[in-house]
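The values are calculated or read from the model by the stated rules, or taken from the named source; none is laboratory data. All figures in this text were calculated on a predicted structure; none of them were measured in a lab. Cβ atoms come from the backbone with ideal geometry, glycine included; neighbour counts cover every protein chain shown. All accessible areas refer to the heavy atoms of the entire protein, side chains included, with ligands and DNA or RNA removed. Shrake-Rupley method; radii C 1.70, N 1.55, O 1.52, S 1.80 Å.
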Amino acid sequence: MTTIDRRSFLESATALAAVAALRPRPAAAAGEMKKAVYVSMLPKELKDASGAPRALSYVERFQLAKDVGFEGIEIGTITAAKEAEEVKAASAKSGLVIHSVMNADHWKYPLSSADPEVVSKSVAGMEASLRNAKLWGADTVLLVPAVVNPETSYQDAWTRSQKVVRERILPLAQELKVVIGMEEVWNKFLLSPLEMARYVDEFASPYVKAYLDVGNMLFYGYPQDWIRTLGKRIRRVHIKDFKLDRGKGKFDWVNIGEGDVDWPAVRKALGEVAYDGWVTTEISGGDAAYLKDVVARFDRFLAGQKPVVA
């Protein structure tokens, strides 16, 4: 859900602001994980007094995220200069930190393609993402490095993607001091934590790390195992939950704590590898009340508890 009516929005925002005024919310202490939200979870519009929809500005959306308890946000690639500046201003005004950029073109234009034109478009997308990150003060860009398909073998995906990243993307990342976070996400590539570790290590660069998503490997693995194997290679973490019914061949993304992720085990593993960076929710969006509940689930997870109270 991404649309809310004006009264609900204003009432929720006012109530949350009042609570914040009475009970100041300190920033996360050094060594603690920090809560972030992916931008798509925030409502894009509300209904005015006449019932007509009105688009919410980035400032309004960012402020709502801040009011419900998020400290940071992840944004997708934005190529329009005016919109990118609007995002920068919204972050400054709201105090919501932009910690990462999710590259937009790695699916449509995979780096592992045999077509040079496709690869060039993919590189251009990463260049835009890296420059977004620099503009917004983010220090990480998420990249799905390759896609295995009938036209691209596993070996070719590995070799081609590493060559392009090393020769055409990594130099700019180093110049801008922005880390490339490699993510595994149903791309039929890097299907085990051992492969992910090797793939990252072969770059031998502090500007290439892993971007872990705790839900993406549940078909064939366990996030707590990935965490322990990747260890200090983990640059950022996405959290979402996944419900799998193997008997009926059905699956679905669900709210945090309502699926098959063993959240206490994940939290324990993150503690064991001393991860203390940003953790970003990437689930369905909603209004202020919904987002506040997500934050409550998030807090219980960070405390080592089950996100949902029985």
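Here are a few things to note about the model shown:
- Test for SER40: is it surrounded by fewer than 18 Cβ atoms within 10 Å (Cβ to Cβ), among the hydroxyl-bearing types (Ser, Thr, Tyr), assigned to a helix (DSSP H, G or I) and at pLDDT 95 or above: yes
- Criterion: over 14 Å from PHE62 (Cα atoms) and touching a Gly at 6+ places or on another chain (Cβ under 6 Å) - qualifying residue of ALA104, ALA80, ALA124: ALA104
- For region 242-271, the set of residues classified as of a type in the set (A, V, I, L, M), within 17 Å of GLU282 (Cα to Cα) and in contact with a helix residue (DSSP H, G or I) (Cβ under 8 Å, 6 or more places away or on another chain) consists of ILE256, VAL261, VAL266, listed by residue number.
- Qualifying positions in region 88-132 - farther than 16 Å from GLY76 by Cβ and of a type outside the set (A, V, I, L, M, F, W, C): LYS93, SER94, GLY95, PRO110, SER112, SER113, ASP115, PRO116, GLU117, SER120, LYS121
- Scanning region 255-297 for residues that are within 18 Å of ILE234 (Cβ to Cβ) and part of a helix (DSSP H, G or I) yields TRP263, ALA265, VAL266, ARG267, LYS268, ALA269, LEU270, GLY271, GLU272.
- Single residue of GLY285, GLY304, GLY259, GLY277 found to be over 23 Å from GLY221 (Cβ atoms) and touching a residue at least 24 places away in the same chain (Cβ under 8 Å): GLY285
- Conditions (1) closer than 22 Å to GLY259 by Cβ; (2) at pLDDT 95 or above; (3) more than 18 Å from the chain's Cα centre (by Cα): number failed by ASN187: (3)
- Test: PRO116 is out of contact with any strand residue (DSSP E or B) (no Cβ under 6 Å at 6 or more places or on another chain), over 28 Å from LEU302 (Cα atoms) and open to solvent by less than 30 Å² (accessible area, probe 1.4 Å): no
- Within region 83-99, residues that are closer than 15 Å to GLU60 by Cβ sit with their Cβ atoms under 9 Å from residues that are open to solvent by 60 Å² or more (accessible area, probe 1.4 Å) and among the β-branched types (Val, Ile, Thr), at 6+ positions apart or across chains, in these pairs: SER91/VAL97.
- Among residues of region 55-101, those that are of a type outside the set (A, V, I, L, M, F, W, C), farther than 27 Å from ASP293 by Cβ and open to solvent by less than 50 Å² (accessible area, probe 1.4 Å), counted: 1
- Between ILE283, ILE256, the distinction of being open to solvent by less than 20 Å² (accessible area, probe 1.4 Å) and closer than 15 Å to VAL37 by Cα belongs to ILE256 only.
- Only helices (runs of 4 or more DSSP H) whose full extent lies in region 149-240 are considered here, and the ones with at least 2 residues that are out of contact with any strand residue (DSSP E or B) (no Cβ under 9 Å at 6 or more places or on another chain), of a type outside the set (D, E, K, R) and crowded, with 20+ Cβ neighbours inside 10 Å are 154-164.
- Scanning region 241-253 for residues that are open to solvent by less than 70 Å² (accessible area, probe 1.4 Å), farther than 18 Å from VAL308 by Cβ and not small (Gly, Ala, Ser) yields one hit, ASP245.
- Scanning region 119-144 for residues that are open to solvent by less than 40 Å² (accessible area, probe 1.4 Å) and among the acidic types (Asp, Glu) gives no hits.
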